[in-house]
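Below is one structure, written out as structure tokens, with a few remarks after it.
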Amino acid sequence: RNIAYIGGTAGCLIREERLYGYRAALSQYGLPWRDEFAPACAEETLAVSQTVRQLLEANNKITALLCHSPHAIIGCLEAIHQVGRTVGKDVFLTQQVSLIGFEDMMHVNLTSPSFTYVSSASEETGHQAAGLIVRLIREPGLPAQRITLSGQLIARESA
């Protein structure tokens, strides 16, 4: 019920798109939007860790972190442990924090617990991009296109 969005630099288009989806999901389930639950920060593990530690210390009721990037996932993991909480399932419900990220990255898969993530549909993205390039070559005056692809939730141990 208390879900924070972590990472991405201010003004990053991908961050803005993901925040839009995050806000829509909160609204759909009747959960409030809180500015302080969506801090932007540099795409560096240490910066994320410091930001998340401050966030968790100020808001001990946060139950889940939605991570913008693999750097955010690793930074969140470190911060969660620093404040004495655990990732994923725990016998003490007040201690657990669910951790969910975007994109399946090899180094993130080597962690324990294994991370839940939203697949970025990379293959489909490449297919659509190549198709648009071919169309643009054939039709130089083609107007800008907007294509929305859905990711897939891959549930693992961290959520």
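The values are calculated or read from the model by the stated rules, or taken from the named source; none is laboratory data. These numbers come from a predicted model, not from an experiment. Cβ sites come from the backbone with ideal geometry, for glycine too, and all protein chains shown count toward neighbours. Quick note on the areas: whole protein, heavy atoms, side chains included, nothing else; ligands and nucleic acids left out. Shrake-Rupley method; radii C 1.70, N 1.55, O 1.52, S 1.80 Å.
Points worth noting:
- Test for Ala25: is it open to solvent by 30 Å² or more (accessible area, probe 1.4 Å) and closer than 25 Å to Gln95 by Cβ: yes
- Residue in region 36-54 that is surrounded by fewer than 19 Cβ atoms within 10 Å (Cβ to Cβ) and without any contact (Cβ under 8 Å) to a residue 24 or more places away in the chain present: yes
- Considering region 14-58, and only residues there that are under 16 Å from the mean Cα position of the chain (by Cα) and among the small types (Gly, Ala, Ser), the residue that is nearest to Ala4 (Cα to Cα) turns out to be Ala38.
- Output for region 55-66, where each listed residue is among the charged types (D, E, K, R) and either closer than 11 Å to Ile80 by Cα or open to solvent by less than 80 Å² (accessible area, probe 1.4 Å) (or both): Glu57
- Of all the residues in region 55-77, those that are part of a helix (DSSP H, G or I), of a type outside the set (A, V, I, L, M, F, W, C) and touching a residue at least 60 places away in the same chain (Cβ under 8 Å) number 2.
- Flag not set for His107, criterion: surrounded by fewer than 16 Cβ atoms within 10 Å (Cβ to Cβ), in a helix (DSSP H, G or I) and modelled with pLDDT of 85 or more.
- Meets criteria (in contact with a Leu (Cβ under 9 Å, 6 or more places away or on another chain) and more than 22 Å from Ser150 (Cα to Cα)) for Asn60: no
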